[in-house]
Amino acid sequence: MKTKFDVATLAGLATWLLVYGLTLYLLQRINWPRNVWPIHALFLLYGALFYLLTNDNSRYNLASRWAQPLLLLQLATAFALLWLLPVRYFDFLAILTIIWAAMLPFVLRTTVAVAVIVMVVAAWFTLVALRSESPTWISALLYGSFHMFALMVQSTSRDAQNAKAELELKHQQLQATQQLLQAASRQSERTRIARNLHDLVGHHLTALTIQLQVASHQCDGEIKAQIDKCHQLARLLLSDVREAVSTMRQYADMPLADALTPLLALLPQHLTLKQQIEPRIKLQDLQQAQHLLYVIQEALSNSMKHSAATELHINAGISDGQLIIQLHDNGKLAGNWQPGNGIKGMQERITECGGSIRFSDKAGAMALTIQLPYQEQQHD
């Protein structure tokens, strides 16, 4: 099932309600002598945990750091129900662990999930056998096969989700690269036009202004007045050309915030983005821009895949001729975390740009700081 409130989640809730309702019906039929409220409490707790874990808008969903402890609590409620209720009437309670098993692929690797399910099924039916004083190996095999079926189906669903997420990231990368190429093309054309205006038209107008100034000193009367007017017009035209060249060069570069827009547009709903990017920061070098976007994309991917974060922070500013970009989230890194190919690729790209990248720990989550040489464009 997906980590959101969808058809699969509704099916799980419907199955839970069916088991809950059937249990209450049988309790009335057998005249249960004990207090029924603990049974209600355990079933409601199981259903609430299932809802929280499978609802993408919940802070405690299967993508959060709380997933494993809550799954363990949910399994404990199922075992508590098995312990409290007479097994000869309620052998169908194993359905609760099948529902539970369907969520495991989203928090554990498939091989680990298989091992966990084997242990859970073995413990469940060992308890049933002890309480019923009869062999239960046939039921264990049948229900165990259902557990494995649920696990494998959801493992396939998880793999499909991961493939879709990877495709979305590649699509974002393609959009960002396309935007960079378009910006580079516009920049190249604007630079060519600006250079021609400055080198050809500007120089000719400068020569014309000098010639008119010389001619003004060599005549007098009405002719001098007309030459002075022409001289003023030539100087005004030269000023306009210089202003046009400066304007074209000023808008030739792409703002960093605009370049990041395609990468940030398709972030999952549970991941809240908080960014502070100075508007004056522009990507002046195409190669540097490409490397920087690849690095930021890899950081976003790591945050979504490994840290179970719900908030992502991106800050960018300029200090002492250096572009400084900081990224961190509120997730939790595994204690045995080791840098992989993605991290090494980030370091190689930033080094190639003449910068540096530093990884640090911030409240148990990874934070990275990128530092690149940056020179604000000067205009004539």
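The values are calculated or read from the model by the stated rules, or taken from the named source; none is laboratory data. Note that the structure is a prediction, hence the values are computed from the model and not measured. Methodologically, a virtual Cβ is constructed for each residue, glycine included, from the backbone with ideal geometry; neighbour enumeration extends over all protein chains shown. Each accessible area value is taken on the protein alone, full model and side chains, heavy atoms only, with ligands, DNA and RNA left out. Shrake-Rupley method; radii C 1.70, N 1.55, O 1.52, S 1.80 Å.
General remarks:
- Rolling a 1.4 angstrom probe over region 20-70 with all protein chains present gives an accessible area of which 59% lies on carbon and sulfur atoms.
- Pairwise label distance in nanometres, A48 with E348, each label 7 Å out on the Cα-Cβ vector: 5.1
- Area accessible to solvent at W100, 1.4 Å probe radius, in Å²: 10
- Of the residues Y25, Y374, Y143, ranked by 1.4 Å probe accessible area with the largest first, the sequence reads Y25, Y143, Y374.
- Where labels lie 7 Å past Cα in the beta-carbon direction, separation of Q161 and Q28 in nm: 3.7
- Approximate spin-label separation S356-E133, in nm, with each point projected 7 Å along Cα-to-Cβ: 7.5
- When a 1.4 Å probe is rolled over the protein heavy atoms, the share of accessible surface on region 93-159 that falls to carbon and sulfur comes to 74 percent.
- Ligands, DNA and RNA excluded, the heavy atoms of W66 present near 120 Å² of accessible surface to a 1.4 Å solvent probe.
- Heavy-atom surface of region 40-104, accessible at 1.4 Å and reported per residue (Å²): 40
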